[in-house]
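These notes are about the structure you will find just below.
Taken together, the values in this text are just the output of simple stated rules run on the coordinates, not laboratory data. The structure displayed is predicted, hence computed values, not measured ones. Heads up, the Cβs are rebuilt from the backbone with ideal geometry, glycines too, and the neighbour counts pull from every protein chain shown.
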Amino acid sequence: MNLFAMMETSGSAMQAERMRAEVVAANMANAETTRTATGGPYRRQHVVFAANSGNPEFADTLNDASGTSASESLGSASLPQLPLSLNSALNGVLNGSGSASGVHVAAVVEDTSPPLKRYDPGHPDAGPDGYVSFPDINPLTEMVDLMGATRAYGLNSSAVQAEKGMIASALEIAKS
């Protein structure tokens, strides 16, 4: 792998982690949203990463060593469609994901857990029994996800800086 391909790999990871941080921020911002355009409470979003098509020789060697094929390891499950609210935000991230190795955002999926019910008969969205459906969003879980995304972004940024340093050193060696 050449140095520029390594930068592309780190860059794709940084894009994916940025999107993960944006989704976590949207989850935190909507933690108390009881009514959306679809009528129910906000649903927590999850980001699904997928590997870009990288070096086919490496994939073939790995599959031969493990005795499986890529289609067997991934299964035949298909990913759900992206929510309409995030299509425009993901457009740039998803379009450039085909040629380089690395990672891309495959989908943003809704959490399937049921909403939390809280008794609040004075709330405008309360049902006849006085309970209100709130999103099942735990701020602690979201903060851990945000810290993970931030840390991964920072590590990939450090990798890009190290690669830039190696290129600069190589150019200095070539000058002398």
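If each residue of separation counts as 0.36 nm, what is the full-extension length gain between Ala162 and Asn138 once their alpha-carbon separation is subtracted? Numbers along the way, then the final one.
On the way: separation 24, 0.36 × 24 = 8.64 nm, distance 3.64 nm.
Between Ala162 and Asn138, full extension yields an extra 5.0 nm.
In plain terms, the chain from Ala25 to Tyr119 could stretch by 31.2 nm, reckoned as 0.36 nm per residue minus the Cα-Cα distance.
In the range 128-176, one over the average inverse separation of all distinct C-alpha pairs is 14.8 Å, which is the Kirkwood hydrodynamic radius.
Name the trypsin sites (Lys or Arg not before Pro) in the range 1-56 that are in a loop by DSSP and that have at most 12 other C-beta atoms within 10 Å, would you? List each step's numbers first, then the result.
Values: sites: Arg18, Arg20, Arg35, Arg43, Arg44; in loops: Arg35, Arg43, Arg44.
Listed in order of number, the matching sites amount to none.
Per-residue extension of 0.36 nm, minus the Cα-Cα distance of Glu172 and Thr38, leaves a gain of 42.3 nm for this segment.
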